[in-house]
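Step one of this worksheet: look at the structure below.
The values are calculated or read from the model by the stated rules, or taken from the named source; none is laboratory data. Computed from a prediction, not measured in an experiment: that's the story for all the values here. Here the Cβ positions follow ideal geometry from the backbone for every residue, glycine too, while neighbour counts run over all protein chains shown. Heads up: the accessible areas ignore ligands, DNA and RNA and are worked out on the full protein's heavy atoms, side chains in. Shrake-Rupley method; radii C 1.70, N 1.55, O 1.52, S 1.80 Å.
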Amino acid sequence: MAPRILLVVLDGIGDRPWKGATALQAARKPFLDRLVREGVSGLVDPVAPGVKVGSATGHLALLGYDPYQYYTGRGPFEAAGVGIGLRPGDIAFRCNFATLRGGLVVDRRAGRIRETRELEEAVNRGVRVSGGVELVFRAGTGHRGALMLRGAGLDPRVSPTDPKREGVPVSSSEPLDPAAASTARALNEFTEQAMAILSEHPVNRRRESEGKNPAGAILSRGAGVVPVIPPFADRYHMRGAAVAATALVAGIGRLCGLEFLSTPGLTGGVDSPLEKKMETVRRALGEYDFVMVNIKGADEASHDGKWEEKVGFIERLDGALDSLPLSPDLVVAVTGDHSSPVAWKDHSGDPVPLVLWGEGVRRDGVQRFDEVSCARGGLGRLRGLDVMPLLLDLAGRSEKYGE
Ligand code: ZN
Ligand code: ZN
């Protein structure tokens, strides 16, 4: 049987030098360096050189799905991630609970509320929008959630109700194209009815009495139409699974046809229990031909501007990866979905390092897994879309082109 394939995506791993070295260059990471010594390395532009990508577009490209074709906005991926059953053509938004005072948004995270399940149920039970539009709202982790609208003649070209700042009212959604008028109307009806339901809800009354910010509104943004994505199994003739902490990556996996395997207790932050996540990965490798695992913490540290924290997290994830069952029936790639320079507290268009490890790989003499060492590797410089074909070929799973 052909080897199984493991794609490890270190979120936001790439960086620029800070105090003379990138976090990867500074970190002690014997396992990743061993993979590089025994493997072949290179640099990957997740989408194209200099293009600053988000996690969704970066992961789509690494899975071999051209984001310019399949990325229709963040909403559908978030909605799939929180478990809404979607069909192509549905319109989806990412949402958050927010606190209102005197008609103004005063806290876009509603005091980082956690107890949202009852609020979700009340909203789904109570909201009825006109025009025969079906609706599902689902709460995610913390203050986050997603909304799906389903019906004839819907169009994602609407402005968000999330004003994206505090001290102003909830925005009214406007159609950005005449064809989207009924979608904007449905979104506004949802938003207004949800506010009426939430303002009366016992969970919020209790929060008020405890001095906590109530969740008085649901703000929506990231509108997108659910795309038609060719299923992973049809495309690659492999059964695939995804392991991740964030709803976004779970949703990308699900919309591409990967089975999402949850791990209790993951946080997506630098404190996430990586050993537990690796247990899920090892179990998945026993059952699936392909496993993608996203490890999020380095991106969090970057967004917080914490270089030492990023270095420390890389050292911890290296220790967790050391539990992987390296053997001749496994092919491994380790790379990132984009760079996230600590100095920027944001993503950048810099390429990320890549290493491929597996039986038959042409070792290139590179010694360390970092942005500068891997630039001298045998794979040269690639795009995210090149990673799956390389993995398939290394694993002996590629199809011959021509006779
Ligand atoms: Zn990312
Ligand atoms: Zn990020």
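Structure notes:
- Working ranking of peptides 323-329, 234-240, 248-254 by packing, defined as the average number of other Cβ atoms within 10 Å per residue, highest first, is 248-254, 234-240, 323-329.
- Taking every Cα-Cα distance in region 59-108 and sorting them into 5 Å bins from zero, the calculated P(r) comes out as 5, 16, 19, 18, 15, 9, 9, 6, 3, 1 percent.
- When only the Cβ of Lys, Arg, Asp and Glu is charged (+1, +1, -1, -1), the dipole of the chain relative to its Cα centre reaches about 500 debye.
- Other residues whose C-beta falls under 12 angstrom from the C-beta of A56 contribute a net charge of -1, scoring Lys and Arg +1 and Asp and Glu -1.
- Rounded to two decimals, the Cα-based Rg/Rh of region 274-389, with Kirkwood Rh, is 0.96.
- Ranking S339, V366, A298 by Cα position along the charge dipole of the chain, where only Lys, Arg, Asp and Glu carry charges on their C-beta atoms, puts A298 farthest toward the positive end.
- Near the amide H of F369, within less than 5 Å, lie the amide hydrogens of D33, all on another chain or at least 5 residues away, with H placed in the peptide plane.
- Candidate lysines - alpha carbon under 22 Å from K19, same-chain residues fewer than 8 apart omitted: K29, K306, K310, K345
- Counting charges near P273 (Lys, Arg +1; Asp, Glu -1) among other residues having Cβ under 11 Å from its Cβ returns a value of 0.
- Surface composition of the chain: carbon plus sulfur atoms contribute 48% of the solvent-accessible area (1.4 Å probe, protein chains only, all chains present).
- Eigenvalues of the alpha-carbon gyration tensor of region 356-399, scaled by 5 and square-rooted, set the equivalent ellipsoid semi-axes at 20, 13, 7 angstrom, largest first.
- Rounded to the nearest 10 degrees, the angle from helix 117-126 to the longest Cα principal axis of the chain is 50 degrees.
- Partners of K400 within straight-line reach, counting aspartates and glutamates whose Cα lies under 13 Å from its Cα and excluding those fewer than 8 residues away in the same chain: none found.
- Computed from backbone phi, the HN-Hα couplings of region 208-223 come to 4, 5, 8, x, 9, 6, x, 9, x, 8, 10, 9, 10, 7, x, 4 Hz, rounded to whole numbers (Karplus: 6.51 cos²θ - 1.76 cosθ + 1.60, θ = phi - 60°; Gly and Pro given as x).
- Cα-Cα pairs of region 83-225 separated by more than 19 Å (percent): 46
- Sum of side-chain charges, I314 neighbourhood, beta-carbon under 9 Å (Lys, Arg +1; Asp, Glu -1): +2
- Mean separation of Cα contacts under 8 Å, 6 or more apart, over the residue count of the chain: relative contact order %: 33
- Against the main long axis of the alpha-carbon atoms of the chain, helix 274-287 sits at an angle near 70°.
- In the chain, helices alone account for a calculated mean residue ellipticity at 222 nm of -9000 deg cm²/dmol, with every DSSP H run of four or more residues adding -39,500 (n - 2.57).
- Whole-number D in µm²/s for the chain (Stokes-Einstein; Kirkwood sum over Cα pairs; 20 °C, 1.002 mPa s): 97
- The string of couplings for region 343-352 from the Karplus curve (6.51, -1.76, 1.60, θ = phi - 60°) is 5, 8, 6, 7, 7, 9, x, 5, x, 10 Hz, one whole number per residue in order, with x for Gly and Pro.
- Scattering profile of region 181-232 at q = 0.18, 0.19 Å⁻¹ [log10 I(q)/I(0), Debye over alpha-carbon scatterers]: -0.70, -0.73
- Accessible surface for the chain, divided over its residues, is 42 Å² per residue with a 1.4 Å probe.
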